[in-house]
Amino acid sequence: MNKNWLAPAFIILLTCLFLVFWDSPPETFLPQKPETPKTSKHPSNIVHNAVRRRFDENGQLSSVFVASETRYYQKNPKRRTAKDYADLTAPKLTMYSVDKPPTTIVSNTGKARNNGNLVQLWGDVHITRTDTLGQSSELTTPYLVVKPERQYAETDKPVIITSPGNTTHAVGMEAYLKTDTIKLLSNVRGIHDPQ
């Protein structure tokens with residue numbers, strides 16, 4: 001009599017186990033993935049009066065970056081990633097070329113990405129350069145993207161270029177600062193005032 005109930009109980013147990021496994025999602029049986037760290041809304045560091053100097057492959061000074069404050073946000077607290085960035089207050093970037101006067105770019109705020117190789121600037125952005133004769137040229141725009149390593153800057157916003165006797169307005173610009181080449185993209189109009 002004991003043997004008669006053992007076989008049906010075993011079949012019922014196997015059926016129940018089969019149904020439990022059948023209805024369970026596959027993730028239940030896979031090893032658990034480690035939790036990815038959550039992005040903090042707080043900076044991992046804050047630097048006041050930051051200064052960073054870059055040198056080219058020949059050891060010559062290529063740029064100096066200064067900001068009254070940088071707030072660095074690290075997506076993964078254990079290591080640097082391409083998504084890390086720094087918020088900038090009053091950034092100033094000076095780029096140097098051999099045998100040419102330096103170019104200075106200033107703005108109200110900005111954001112640096114990719115270890116400073118891509119800098120976005122907002123609010124009253126000014127690019128200034130003084131030539132060897134002491135004459136100054138200035139470009140203003142509300143937004144600018146700068147790639148300091150390439151000495152390249154671009155914007156799709158309105159720009160105003162002023163130099164002694166000339167004022168040029170345009171929308172959009174690509175500037176190759178190393179070669180003093182500026183390409184204005186659209187709606188270009190200029191005023192020449194011979195002095």
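The values are calculated or read from the model by the stated rules, or taken from the named source; none is laboratory data. Bear in mind the structure is a predicted one, so any value in this text is a computation, not a measurement. Cβ: placed from backbone, ideal geometry, glycine included. Neighbour counts: every protein chain shown.
Let's see how each residue does on (1) hydrophobic (A, V, I, L, M, F, W, C); (2) in contact with a Ser or Thr (Cβ under 6 Å, 6 or more places away or on another chain); (3) more than 24 Å from Thr167 (Cβ to Cβ):
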| site | (1), (2), (3) |
| --- | --- |
| Thr70 | no, no, yes |
| Ala86 | yes, yes, yes |
| Ala112 | yes, no, yes |
| Thr140 | no, no, no |
| Val145 | yes, no, no |
| Glu149 | no, no, yes |
| Lys157 | no, yes, no |
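What do you reckon, is Gly110 small (Gly, Ala, Ser), without any contact (Cβ under 8 Å) to a residue 60 or more places away in the chain and out of contact with any His (no Cβ under 7 Å at 6 or more places or on another chain)?
yes
Identify, by number, the condition in (1) touching a Lys or Arg at 6+ places or on another chain (Cβ under 7 Å); (2) surrounded by fewer than 14 Cβ atoms within 10 Å (Cβ to Cβ); (3) of a type outside the set (Phe, Trp, Tyr) that Ile191 doesn't meet.
Among (1) touching a Lys or Arg at 6+ places or on another chain (Cβ under 7 Å); (2) surrounded by fewer than 14 Cβ atoms within 10 Å (Cβ to Cβ); (3) of a type outside the set (Phe, Trp, Tyr), Ile191 violates only (1).
Where residues in the stretch 164-183 are of a type outside the set (Ser, Thr, Tyr) and not in a strand (DSSP E or B), which of them is farthest from Gln120 (Cα to Cα)?
Gly165
Show the residue pairs meeting these rules: Cβ distance below 6 Å; 6+ apart or different chains; first residue within the stretch 158-178 and within 14 Å of Ser136 (Cβ to Cβ); second residue at pLDDT 90 or above and of a type in the set (A, V, I, L, M).
Pairs found: Ile161/Leu139.
Here are Asp99, Asp131: which of them is of a type in the set (Asp, Glu) and in contact (Cβ under 8 Å) with a residue 12 or more places away in the chain?
Sole residue among the options that is of a type in the set (Asp, Glu) and in contact (Cβ under 8 Å) with a residue 12 or more places away in the chain: Asp131.
Could you figure out which of (1) closer than 22 Å to Ser44 by Cβ; (2) at pLDDT below 90; (3) of a type in the set (S, T, N, Q) isn't true of Thr109?
If we test Thr109 against (1) closer than 22 Å to Ser44 by Cβ; (2) at pLDDT below 90; (3) of a type in the set (S, T, N, Q), just (2) comes out false.
Which of the residues spanning the stretch 75-103 are modelled with pLDDT of 80 or more and over 20 Å from the mean Cα position of the chain (by Cα)?
Within the stretch 75-103, Tyr96, Ser97, Lys100, Pro101, Pro102, Thr103 qualify.
Only one residue in Ile161, Ile105 is assigned to a strand (DSSP E or B) and crowded, with 22+ Cβ neighbours inside 10 Å. Which one?
On the way: Ile161 fails: crowded, with 22+ Cβ neighbours inside 10 Å.
Being assigned to a strand (DSSP E or B) and crowded, with 22+ Cβ neighbours inside 10 Å holds for just one of Ile161, Ile105, which is Ile105.
Can we say Ile191 is over 23 Å from Asn45 (Cα atoms), at pLDDT 85 or above and assigned to a strand (DSSP E or B)?
No.
What's the number of the condition Asn115 fails, among (1) in contact with an Asp or Glu (Cβ under 9 Å, 6 or more places away or on another chain); (2) at pLDDT below 90; (3) in a strand (DSSP E or B)?
Here Asn115 clears every test but (3).
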